[in-house]
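Following: one structure in structure tokens, then a few remarks.
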Amino acid sequence: MADVARLAGVAISTVSRALANPGRVNEKTRAKIDAAAKQLGYTPNAMARSLRVGKPNTIMIILPGSLYYGASQIIPQVLQSINKSLIKAGYNLMIANLDRDETSERYILDLAFGGTARGVIILSSKLPEVDGRSLAQAGLPVVSMLLDMSDAGTPSVVTNDRAAVRAVSRELVGLGHRRFFYLAGPEGNYHDVERYAGVVEALAEAGLGEDAVVRSGGSLDYQQGFRIGLEGVADFEALENRPTAVIATSDDMAISFMSGIRKLGLRIPEDVSVVSFDGSPVCAFCTPPLSTIEQPVEEMGQAAAALLLEAIENGPPTPASCTVVPSRLITRESMAPPALSR
């Protein structure tokens, strides 16, 4: 670091600030330091720095399962957004998978209690707890993303699941649909509860009862979205009075459902309209292009990182806050009025 400072013509403390927290050094000076570091082949030792300052510079992000699954790119997009924000603040990102078994929960708690991380962002899952130890007791700032845990004292960043599905359900009612088919995630899951409530509320506003919607699924996790969609095709086929609109709670469910429906000889949107939730880029390339509620993952990732960094610097907010980042509906050719109303 002293060699970099001499070559750049600055103080060692300036080099330290530029490498640990680039935002605290002006752009011209930072550029000189970066050039000197590259010329000398200097790479900061993150472990040594952590030992020197007595604090780790690693943020642990806890995923609810596999990093990649299905067509959904939600998790990778979230990670990219969070990582960008943390790098600017001088932090590294460590990924841990929470498979909801004792082994993975114990491992994550060992990392948290062992001083490996400075803070934690947990995605769409309850805090791990084993043998009376909970992540909430580790003395680390924790932020929940995708799942509202503010009532339990954990600051949270979510999108407007209920309001978004209520809005698209209203739109389908406005097109003339009166019978609905709902492809559900695991029953009791936060997202399923919120999204299904949005459907029911929109139907009630239109003078329709909950019997106007048929639920399919409810036992499988969102990572099994393709399977949920295919099983939904069988449930749909068995109905005597088939719905004219399908609301899927993930893009994967909708994509596999559309494929199966076409094999039955049904047309989209002529025979049945389909809309989904997540906003994966692949939806634009489905046949027909799939209408979807796009989750604002980049904005949510930035908000979660900012909330955590604020908690690291100044302590968590009291009471715990919930930041809601609105989603948006992307309307494509998979939605249309039902055949009888055209």
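Contact annotation: residue pairs with Cβ atoms under 6 Å, 6 or more positions apart or on different chains, pairing a residue in region 22-39 that is farther than 22 Å from residue 91 by Cβ with a partner that is part of a helix (DSSP H, G or I) and of a type in the set (Val, Ile, Thr), are 36/4.
Please go through region 108-137 and pick out each residue that is in a loop (DSSP other than H, G, I, E, B), within 19 Å of residue 305 (Cα to Cα) and of a type in the set (Gly, Ala, Ser). Answer for region 108-137, where residues must be in a loop (DSSP other than H, G, I, E, B), within 19 Å of residue 305 (Cα to Cα) and of a type in the set (Gly, Ala, Ser): 117, 124, 125. The conditions of being out of contact with any Ser or Thr (no Cβ under 9 Å at 6 or more places or on another chain), buried (at least 22 other Cβ atoms within 10 Å of the Cβ) and in contact (Cβ under 8 Å) with a residue 24 or more places away in the chain are not met by residue 276.
Go through region 112-167 and give me each residue that's among the charged types (D, E, K, R), modelled with pLDDT under 90 and within 20 Å of residue 94 (Cα to Cα). Passing the criteria: 126, 129. Among residues of region 70-89 being at pLDDT below 80 and under 13 Å from the mean Cα position of the chain (by Cα), the one that is nearest to residue 297 (Cα to Cα) is 74. If the condition is being surrounded by fewer than 23 Cβ atoms within 10 Å (Cβ to Cβ) and not in a helix (DSSP H, G or I), then region 165-179 contributes 176, 178, 179.
What are the pairs with Cβ atoms under 6 angstrom where one residue, in region 148-167, is at positive phi and the other, located anywhere, is assigned to a loop (DSSP other than H, G, I, E, B)? Sequence gap at least six, or different chains. Pairs that qualify, where the first residue is at positive phi and the partner is assigned to a loop (DSSP other than H, G, I, E, B), are 153/320. As a summary of the residue check, residue 224 satisfies the conditions (1) free of Cβ contacts under 8 Å to residues at least 60 places away in the same chain; (2) within 21 Å of residue 280 (Cα to Cα); (3) touching a helix residue (DSSP H, G or I) at 6+ places or on another chain (Cβ under 7 Å); (4) assigned to a helix (DSSP H, G or I) except for the one numbered (3).
The test for being touching a His at 6+ places or on another chain (Cβ under 8 Å) and open to solvent by 20 Å² or more (accessible area, probe 1.4 Å) holds for residue 124. Summed over region 195-229, the residues that are under 15 Å from residue 277 (Cα atoms), of a type in the set (Val, Ile, Thr) and open to solvent by 30 Å² or more (accessible area, probe 1.4 Å) give a count of 0.
Under the condition of being farther than 26 Å from residue 258 by Cβ and in contact (Cβ under 8 Å) with a residue 60 or more places away in the chain, the residues counted in region 316-342 number 10.
The values are calculated or read from the model by the stated rules, or taken from the named source; none is laboratory data. Note that the structure is predicted; figures quoted are calculated from it, not measured. Reconstructed Cβ throughout: ideal geometry from the backbone, glycine too, with neighbour counts over all protein chains shown. When the accessible area is computed, the model is the full protein with side chains, heavy atoms only, and any ligands, DNA or RNA have been set aside. Shrake-Rupley method; radii C 1.70, N 1.55, O 1.52, S 1.80 Å.
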